[in-house]
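For reference, the structure discussed in these notes is given below.
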Amino acid sequence: MDKKTFTLFIRLFIATFFLFGGTSLGVYALQKEDKEKVYPLNTSVAGVNIGGLTELEAKRTLENLLIDWKENAEYEFQYKEKSVQVNNDLFAFDVEQTLKNIIGNHSNTFAVEVNEEVLQTELEQYNSFSMEDIDIDLLKSALLESATVLQVDEELIIEDYFASYVSGKDIVNTIEISVLDNKEELEAVIPSMKEITILPKTTFSLLGLLEDVNQKTIKDDSLSMLATGIYQLVLETNFELRERTISEELPDYVELGYEAKASFREKLDLRFTNPNEDAYLIALKLEDNQLILQLKGQEFPYAYKIVTEKKEEYKPKTIIQFDSLLEGNQVQVKQEGKSGIAATVIKEVLDKKGEQLKRETVSFDYYPPIYRVEVRGLRHDLESTDKNEVGEETPLDEEIDDNNTPDEESPSSEENENDTSNQKNSEDLNNDTDDSIEDSQMIEK
């Protein structure tokens, strides 16, 4: 073999070596890479085995698993009697991060986060509390605990995640109200309310609570009894009154200065703020014909005493109407009169020794008088007209408005202003009463 032929042989040998060697190494490398991406047989995610699958196969499996979960998962928030179905968009799953976190031969969970904007939207469906009242981190942890393993259904009781809990169970006040005529309706409403939590630094709304427990159909008189009881319960505390309205006539079941009217129809609410760092509970129960309310929580640093001052009574006047069909000396009472009353409600703040630290006006409660209406025979009244103080004849069968009284809008307390500017003094009220009667009516003082 000459030198030229030998050189060619060597070159062909080297070329063949690299050709076959490179191919074999490439196949070996690919086989090795594929082998590394196959998950061990005992590897699972959210209870689904991905052992023996490549990363790509595992990714597709998990994505299909999520699609199925979102179609079937049912998560609910429960507060009192109101349930809220949670939108599954609340959860943001990350499949790629899930695969990166996988530990072979172990049970793994999904990488998932809670979308706080969606969470806020869901919680806003309740009217009794806001996001600030909830321990969000605690609630998110509970949600993630179920979502990471793709639990299909979950019910979370919102009360369990309030930011603050009642740190004391002392009974700081008790109120009883007779509810004989409304007992049956209140028996249907109160069990759904259970214990009312008054969270720290938050404002309580009675109408908001009743909306949450699906009790918007409660009648006004029963609702006002409930409002009156709660108002009396928190009146001797440092709670700050935000909204309170009274009726045109003082109900029989409450004393002057302690009434609160509420109505869904008229949109009249009872609202107050708990300014303390502690939460309080209002417990309600019915015994016999009594509604019993108890305020539970930490003792207040001061004592509070409620007094009513400047009580005044407004005698009703008599409106006379004439009817030619009656005999001259006949008198028929069309409407019985009733005296009006008014008083200023004062809160006294006392220290532990009983010494007064402060006095503040809570409200000025005024209930206008109801006129007495008499219908008399025409001849009799014409003869006695000259003797009457008014001295004017009144037409036959003149009708009056039973509510033809002075400006008597029920006072309400808004935003803790204790503003009584909408109330008139007793002198002005009497003057307004005289002016409110039409010229065609006769008034007896």
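The values are calculated or read from the model by the stated rules, or taken from the named source; none is laboratory data. Note that the structure is predicted; figures quoted are calculated from it, not measured. Neighbour counts run over all protein chains shown; Cβ positions are idealised from the backbone, glycine included.
Which of the residues spanning the range 284-293 are surrounded by fewer than 18 Cβ atoms within 10 Å (Cβ to Cβ) and assigned to a strand (DSSP E or B)?
Answer for the range 284-293, where residues must be surrounded by fewer than 18 Cβ atoms within 10 Å (Cβ to Cβ) and assigned to a strand (DSSP E or B): 285, 286, 287, 290, 292.
Is at least one residue of the range 151-164 assigned to a helix (DSSP H, G or I) and aromatic (Phe, Trp, Tyr)?
Yes, the range 151-164 contains at least one residue that is assigned to a helix (DSSP H, G or I) and aromatic (Phe, Trp, Tyr).
Looking only at the range 358-381, filter to residues that are hydrophobic (A, V, I, L, M, F, W, C) and under 33 Å from the mean Cα position of the chain (by Cα); which one of those is farthest from residue 238 (Cα to Cα)?
Looking at residues that are hydrophobic (A, V, I, L, M, F, W, C) and under 33 Å from the mean Cα position of the chain (by Cα), I get 364.
In this structure, does residue 189 turn out to be of a type in the set (Val, Ile, Thr) and not assigned by TED's automatic domain parsing to the domain that holds residue 76?
yes
Of all the residues that make up the range 203-255, how many are part of a loop (DSSP other than H, G, I, E, B) and among the hydroxyl-bearing types (Ser, Thr, Tyr)?
4
On the basis of being modelled with pLDDT under 95, part of a strand (DSSP E or B) and surrounded by fewer than 18 Cβ atoms within 10 Å (Cβ to Cβ), does residue 78 make the cut?
The answer is yes for residue 78.
Residues that are of a type in the set (D, E, K, R), out of contact with any Phe, Trp or Tyr (no Cβ under 7 Å at 6 or more places or on another chain) and farther than 25 Å from residue 212 by Cβ: does the range 262-284 have at least one?
Scanning the range 262-284, I find no residue that is of a type in the set (D, E, K, R), out of contact with any Phe, Trp or Tyr (no Cβ under 7 Å at 6 or more places or on another chain) and farther than 25 Å from residue 212 by Cβ, so the answer is no.
Could you please let me know if residue 394 is over 30 Å from residue 246 (Cα atoms), touching a helix residue (DSSP H, G or I) at 6+ places or on another chain (Cβ under 8 Å) and modelled with pLDDT under 50?
Against the criterion (over 30 Å from residue 246 (Cα atoms), touching a helix residue (DSSP H, G or I) at 6+ places or on another chain (Cβ under 8 Å) and modelled with pLDDT under 50), residue 394 qualifies.
Got at least one residue in the range 183-196 being in contact with a helix residue (DSSP H, G or I) (Cβ under 7 Å, 6 or more places away or on another chain) and of a type in the set (S, T, N, Q)?
no
Determine which single condition residue 211 fails, assuming it passes every other condition in (1) within 22 Å of residue 83 (Cα to Cα); (2) without any contact (Cβ under 8 Å) to a residue 40 or more places away in the chain.
Failing condition for residue 211: (2).
Taking only pairs six or more apart or across chains, which ones have beta-carbon atoms under 8 Å, a first residue in the range 140-157 that is assigned by TED's automatic domain parsing to the domain that holds residue 73, and a second residue that is assigned to a loop (DSSP other than H, G, I, E, B) and of a type outside the set (A, V, I, L, M)?
147/110; 148/109; 148/110; 149/47; 149/109; 149/110; 150/47; 150/110
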